[in-house]
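The values are calculated or read from the model by the stated rules, or taken from the named source; none is laboratory data. Note that this is a predicted model, so its numbers are computed, not measured. Don't worry about glycine lacking a Cβ; one is built from the backbone with ideal geometry, like all the others, and counts go over all protein chains shown.
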Amino acid sequence: MSGWFLFGAQMLFFLLGALFFWRSAKRKKGGEVISAEENERQMQHLEDMRRVHLTEPLAEQTRPVRLSEIVGQEKGIEALRAALCGPNPQHILIYGPPGVGKTAAARLVLEEAKARENSPFLRTAPFVEIDATTVQFDERSIADPLLGSVHDPIYQGAGAFGQAGIPRPQPGAVCEANGGVLFLDEIGELHPVQMNRLLKVLEDRVARFQSSYYSRENQKIPPYIHEIFQKGMPADFRLIGATTRSPRELPPALRSRCTEIFFQPLDRKAVERIAENGLKKAGLEYEAGFCGKIARYAAGGRDTVHLVQSLWAKAEMEGRKRITEADLEMVAEMGRFEPRMQQKVEKKPRVGVVNGLAVMGGMGGTVLTVEAVFRKGEQSGLQVTGIVEEEELKSPYGKSLRKSNARSSAENVLTVLEQFGFRRQDYEVHLNFPGGMPVDGPSAGSAMFLAAYSAFTGTAVPGDMALTGEISLTGQILPVGGVSEKLEAAREAGVSRVWIPKANWQRAYGQMGMEVLCAGDVWELLEQVFMPRQEQGAGLRAAEGILSAEGICQQK
């Protein structure tokens, strides 16, 4: 009897052990690595974490929810709507400094497009946002959150598919954005290999996957995986790439596939509006003109919100609602916010001093001073100072050096000036650009000529004017780029008259709140600059029946 009892006990332990190992093997095969009790504890921990909420940051409270709340980018938003809201939406590149509303504008314009009846975007069209600076390139293609990858059986984490010897495609953001928009922030930072693969996806509208473990004859592979490897996975989306880089730093192949839109740096009025909105959301009281003082320190929307957030925190800690200029100075100093000098032209006429116009890094315009001095004596020659002779340009494709050609433009200026009685052998000529900045020589040509002419003849140039244009050896004023940005900078600096090349004229330039004139050559420029305003107006009205400067500029 005891023998049967012992045998029964042994069989019971054997069956219990077999059941344990069978369940362990089943959990391992099915991917179960933790017990149900442990899973329940972890789920409860996640729920506890989700119930904890901090206050909403001011940056989120002030985030635009309507296009009208994005300040300072009216033209850029209109161009974005035209490119995305029609029946044939385009791929888009948005250039602009950080914190000016590129991401918010793209998201809100997609919502507007989805509401239009003639738009191909469905109401469920996704907006997939990814930062190119965080997309690490993996030469083995084990993981690629942008373009997708394949989990081969050999790789760790292949799971049940790996145990069965089945390669499993993992779609990336290009597939998640199918039917919608893929917003790729800082697209200029993308690895060249990824960029080329992305261009192929844009062309084919399909993401393709490859694996040495895939075989058409493998019957274990599910039909849908066969379909993906043989035909690819749909990736029909519209790309919106945002970048703080200049256009020349992006691959031409990408630019040729996209509509390019430029968002401008925020001017003081736009920053003041953002500050006012933030202070209102925070419920703070302040004196008149306080938002203008914030605009002295803030270079963009994010800087403005950070300053307001710090002011809010300081006021809350001290139990008050009213903030003062002393509070602003303190938080600006602690945050290392340097006061921005507002550029204003000196309107007093001066000899040999002219306001030129330039574009800084393709991201905005600026007014630069051009000075010229002519000394007659035994020594002769040309000296150009104040410019960065060589500028290093960085891109994902490496570094390159661009030499300034301002000196070449200065040589052209002296050649043209010879037609007005100038003799090189008689003068020492010194041209200077105060501030030491990279100067695009050709576009500063007309400003250098006028400064040189003024210094040579002793004729004072009005201080409230500025100009841009390239000078040819024959005295023609040739077209240049970045005219819109230059005109905006001139307007903010208090310029009342601007001369641009005749070939650059557009009707919209006449609506910028200042007088925009044009000239086709240096003789026309000198006549307009130095002719008395009364005679100039009469001449414009009488010349061949043309009644305005706009009419003359349209005669290209």
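Where residues in segment 65-107 are more than 15 Å from GLU260 (Cα to Cα) and of a type in the set (Lys, Arg), which of them is surrounded by the fewest Cβ atoms within 10 Å (Cβ to Cβ)? The residue in question is ARG66.
Can GLU176 be described as more than 24 Å from HIS151 (Cβ to Cβ) and not polar (S, T, N, Q)? It is false that GLU176 is more than 24 Å from HIS151 (Cβ to Cβ) and not polar (S, T, N, Q). Residues that are touching a Lys or Arg at 6+ places or on another chain (Cβ under 9 Å) and aliphatic (A, V, I, L, M) within segment 106-124 comprise LEU108, VAL109, LEU110, ALA113, ALA115, LEU122, listed in sequence order. Considering each residue of segment 266-285 in turn, at least one proves to be more than 30 Å from the chain's Cα centre (by Cα) and either closer than 30 Å to LEU198 by Cα or not aliphatic (A, V, I, L, M) (or both). Using the structure shown, decide if GLN425 is among the polar types (S, T, N, Q), in a helix (DSSP H, G or I) and more than 14 Å from ASP521 (Cα to Cα). Yes: the conditions hold for GLN425. Out of segment 456-487, which residues are under 24 Å from LYS348 (Cβ atoms) and under 22 Å from the mean Cα position of the chain (by Cα)? Within segment 456-487, LYS486, LEU487 qualify. Note on segment 270-308: residues that are without any contact (Cβ under 8 Å) to a residue 12 or more places away in the chain and at negative phi amount to 2. The residues of segment 175-198 that are among the β-branched types (Val, Ile, Thr) and under 21 Å from the mean Cα position of the chain (by Cα), listed by number, are VAL181, ILE187. Going through (1) over 26 Å from GLY301 (Cβ atoms); (2) surrounded by 21 or more Cβ atoms within 10 Å (Cβ to Cβ) one by one, ARG238 falls short only on (1). Filtered by the rule that a residue be within 21 Å of ARG107 (Cβ to Cβ) and either exposed (fewer than 15 other Cβ atoms within 10 Å of the Cβ) or touching a strand residue (DSSP E or B) at 6+ places or on another chain (Cβ under 7 Å) (or both), segment 241-264 gives GLY241, ALA242, THR243, CYS258, THR259, GLU260, ILE261, PHE262, PHE263.
So which of ARG350, ARG407, ARG402, ARG340 ends up being among the charged types (D, E, K, R), out of contact with any Gly (no Cβ under 8 Å at 6 or more places or on another chain) and either farther than 22 Å from GLN264 by Cβ or modelled with pLDDT of 80 or more (or both)? Only one candidate passes the filter, namely ARG402. If the condition is being crowded, with 17+ Cβ neighbours inside 10 Å and either part of a loop (DSSP other than H, G, I, E, B) or modelled with pLDDT under 85 (or both), then segment 495-515 contributes VAL495, TRP505, TYR509, MET514.
If you go through segment 308-338 and pick out every residue that is surrounded by fewer than 12 Cβ atoms within 10 Å (Cβ to Cβ) and farther than 17 Å from CYS291 by Cβ, you end up with 7. For the residues ALA332, ALA326, ALA315, the requirement of being under 28 Å from the mean Cα position of the chain (by Cα) and in a helix (DSSP H, G or I) singles out ALA332.
Taking every residue in segment 156-180 that is more than 26 Å from LEU239 (Cβ to Cβ) and pairing it with any residue that is at pLDDT below 90 and among the polar types (S, T, N, Q), at least 6 positions away or on another chain, the pairs with Cβ-Cβ distances below 7 Å are PRO167/SER211. Each residue in segment 98-122 was checked for being free of Cβ contacts under 8 Å to residues at least 24 places away in the same chain and acidic (Asp, Glu), and 2 of them qualify. The set of residues from segment 109-135 being within 14 Å of LEU198 (Cα to Cα) and at pLDDT below 85 comprises just one member, VAL135. Among the conditions (1) closer than 20 Å to VAL353 by Cβ; (2) over 27 Å from the mean Cα position of the chain (by Cα), ALA490 misses just one, which is (2).
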